[in-house]
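Note sheet for the following structure.
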Amino acid sequence: MSSADYSARMINLLGLECPPLAAKFLKPGEPVPEGYDNSKKMRYCQALMMGKHGHKVLVNGDNITCPASASAFGFKPLPEKLQNGQMMTGMGLFGNPAAAAKTIGLMPRMKPGECAGVLVAPLAQADFIPDVVVLEGKPEKLMWVALADIFEAGGRHGFQTGVFQATCIDATLVPYQTGKLNANLGCYGCRDATDIPEVECLLGFPAGSLNKIVDGLEKLAEKAIPRSRAKGAYNSMAACDGQH
């Protein structure tokens, strides 16, 4: 299937309100496809928000405004106040600088100069081979994606998050570097800077898993998804309670 086909199948099978997004890490010297806007100053989470609304954008060292994600992608060094924990403690996110510094120190990052920019577009419109697919949605919908990922092989997911840099690191960089699906609950930054609702969270997976995940979703949609959503066990209990 094409990227547009994969996107349509995921939306239809799950009832996604937000379209799947495609992200690609550009290597130095790699050409930028036409039509990708980098004229606006933005955070990476805002680039995903723009992609959700149908835009094609490029984030690089010139237009990225979030120092944390700029460091994550190797565009710029991590500012000292972030590195020593003072900034996040001052924002009320951690109880002391040591806790904040410990968290920021555990964040995976790209090497300086490793990435020239990040392309973001709706998966259905992506005219590049994606590295990562990012989903924003309600937990129940993303739950099925996580199950589809292990539908044939089995296993358990080991989601990782620092509840900070949820879009740039947890949903994009971690799947890219580990080759594994990763989900998170969002973070202060993306919830402050984008229109993500309180009831939604995030998930990212390597684009190479698209076929496996869509195949798994189609199989789950044959029985498991409709039966779970029908809430038969709950309705049976509620009916019994109503008799007493």
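The residues listed here are 172, 161; of these, the one that is of a type in the set (S, T, N, Q), over 14 Å from residue 133 (Cα atoms) and under 22 Å from the mean Cα position of the chain (by Cα) is 161. Restricting attention to the range 37-49, does a residue exist that is touching a residue at least 40 places away in the same chain (Cβ under 8 Å), more than 26 Å from residue 199 (Cβ to Cβ) and not aromatic (Phe, Trp, Tyr)? Yes; the residues of the range 37-49 include at least one that is touching a residue at least 40 places away in the same chain (Cβ under 8 Å), more than 26 Å from residue 199 (Cβ to Cβ) and not aromatic (Phe, Trp, Tyr). Can you find a residue that is in contact with a His (Cβ under 8 Å, 6 or more places away or on another chain), free of Cβ contacts under 8 Å to residues at least 40 places away in the same chain, open to solvent by less than 30 Å² (accessible area, probe 1.4 Å) and not in a strand (DSSP E or B) anywhere in the range 174-181? For the range 174-181, residues in contact with a His (Cβ under 8 Å, 6 or more places away or on another chain), free of Cβ contacts under 8 Å to residues at least 40 places away in the same chain, open to solvent by less than 30 Å² (accessible area, probe 1.4 Å) and not in a strand (DSSP E or B): present.
Evaluated against (1) open to solvent by less than 10 Å² (accessible area, probe 1.4 Å); (2) in contact with a Cys (Cβ under 9 Å, 6 or more places away or on another chain); (3) not aliphatic (A, V, I, L, M), residue 189 falls short on exactly one condition, (1).
Looking only at the range 99-112, residues that are more than 16 Å from residue 67 (Cβ to Cβ) and open to solvent by 70 Å² or more (accessible area, probe 1.4 Å) come to 3 in all. Considered as a group, the residues in the range 38-54 that are of a type outside the set (S, T, N, Q) and assigned to a loop (DSSP other than H, G, I, E, B) include one that is least open to solvent (accessible area, probe 1.4 Å), and that residue is 54. Within the range 1-37, the residues that satisfy the criterion of being more than 18 Å from the chain's Cα centre (by Cα), in a loop (DSSP other than H, G, I, E, B) and of a type outside the set (Val, Ile, Thr) are 1, 2, 27, 28, 29, 30, 31, 33, 34, 35, 36. Taking the criterion of being buried (at least 20 other Cβ atoms within 10 Å of the Cβ) and not hydroxyl-bearing (Ser, Thr, Tyr), the residues of the range 55-79 that qualify are 56, 57, 58, 59, 64, 66, 68, 70, 72, 73, 75.
Set side by side, the residues 82, 14 differ, and just one is surrounded by 14 or more Cβ atoms within 10 Å (Cβ to Cβ) and under 22 Å from residue 136 (Cα atoms), which is 14. Entry remark, the range 197-216: residues being aliphatic (A, V, I, L, M), open to solvent by less than 20 Å² (accessible area, probe 1.4 Å) and either closer than 19 Å to residue 44 by Cα or in a loop (DSSP other than H, G, I, E, B) (or both) number 3 in total. Scanning the range 68-102 for residues that are in contact with a Phe, Trp or Tyr (Cβ under 6 Å, 6 or more places away or on another chain) and hydroxyl-bearing (Ser, Thr, Tyr) yields one hit, 69. Looking at the range 54-74, I want the residues that are under 18 Å from residue 32 (Cα atoms) and have a partner that is of a type in the set (Phe, Trp, Tyr) with Cβ atoms under 7 Å, at least 6 apart or on another chain. Which pairs are those? Taking only residues 6 or more apart or on different chains, the pairs are 56/36; 57/36; 58/36; 59/44; 60/75; 61/75; 64/44; 64/75.
The values are calculated or read from the model by the stated rules, or taken from the named source; none is laboratory data. Since this is a predicted model, take the numbers as computed values, not measurements. Because the Cβ atoms are built from the backbone with ideal geometry, glycine has one as well, and the counts that use them run over all protein chains shown. For accessibility, only protein heavy atoms count, side chains too; no ligands or nucleic acids. Shrake-Rupley method; radii C 1.70, N 1.55, O 1.52, S 1.80 Å.
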